[in-house]
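Novice: First, the structure itself, so that you have it in front of you.
What follows is calculated from the coordinates using simple rules that are stated; it is not laboratory data. Since the structure is predicted, the reported quantities are computational estimates derived from the model, not experimental observations. Ideal geometry is used to build each Cβ from the backbone, glycine not excepted, and the neighbour counts take in all protein chains shown.
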Amino acid sequence: MAAHTDQFHLNARGKGTYEISSQVASIVAESGIQHGTVTVFVEHTSASLVIMENADPSARTDLEAFFDQLVPEDTPYFIHTYEGPDDMPSHIRMALTRTSEVIPVINGRMTLGTWQGIFLFEHRRAPHNRRISVAVVGE
């Protein structure tokens, strides 16, 4: 069994979804692993990862709007607001999604579906530099 790890940074301009599929695919290709899995992990508590529709951006717009309604900013009973009104909502949004995704690797490629992409889901309004770790394991 072989393993290959790497990291990359993404400069998120603020709340929204940012596709990272091509960066992860490049790391999978560099690994030389033909059959196994790739794990993608975001090293932050106010951003998450989602596998989502990558053909029509309106699907991601709807996802973002849903989370804005589900966990609104300026909720009066939140006490963790040191970094602003989007501080606690960003942590809750992260907890409701995921900080990692595991995707099968077959014949040296991720097995994402035709309309699937891997996205960083940024939950903070301000720009942030996000670090993403990738581990490819297999043979």
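Novice: How far apart, in nanometres, would the label points at D68 and T45 be if each is projected 7 angstrom from Cα along the Cα-to-Cβ direction?
Specialist: Here the answer is 2.6 nm between the modelled labels.
Novice: Could I ask something else about it? Could you give me the ³J(HN,Hα) list for the range 122-137, computed from phi with Karplus coefficients 6.51, -1.76, 1.60 and θ = phi - 60°, whole Hz, x at Gly and Pro?
Specialist: In residue order, the calculated couplings are 7, 9, 9, 6, 7, x, 9, 9, 9, 9, 10, 9, 10, 10, 10, 10 Hz.
Novice: Give me, ordered by chain and number, the residues 5 or more places off T99 or on other chains with an amide H under 5 Å from its own placed amide H.
Specialist: Amide H neighbours of T99: L49.
Novice: What are the ³J(HN,Hα) couplings of the range 54-69, residue after residue, when phi is run through the Karplus curve with 6.51, -1.76, 1.60 and θ = phi - 60°? Round to Hz, x for glycine and proline.
Specialist: Ordered by residue, 3J(HN,Hα) equals 10, 8, 10, x, 5, 5, 6, 4, 5, 4, 4, 5, 4, 5, 4, 6 Hz.
Novice: Further question: Taking chymotrypsin sites (Phe, Trp or Tyr not before Pro) as exposed when DSSP calls them loop (any state but H, G, I, E, B) and at most 14 other Cβ atoms lie within 10 Å, what is the longest stretch of the chain free of them, the sites themselves excluded?
Specialist: 1-76
Novice: For Y77 and R131, FRET efficiency with R0 = 41 Å and r from the beta-carbon atoms, rounded to 0.05?
Specialist: Efficiency, from the Cβ-Cβ distance: 0.85.
Novice: Tell me the angle of helix 87-96 to the major Cα principal axis of the chain, expressed in degrees between 0 and 90 and rounded to the nearest ten.
Specialist: Approximately 40 degrees, to the nearest 10.
Novice: Figure the gain on full extension for A3 and A25 (residue separation times 0.36 nm, minus the Cα-Cα span) and round it to one decimal in nm.
Specialist: 6.4 nm
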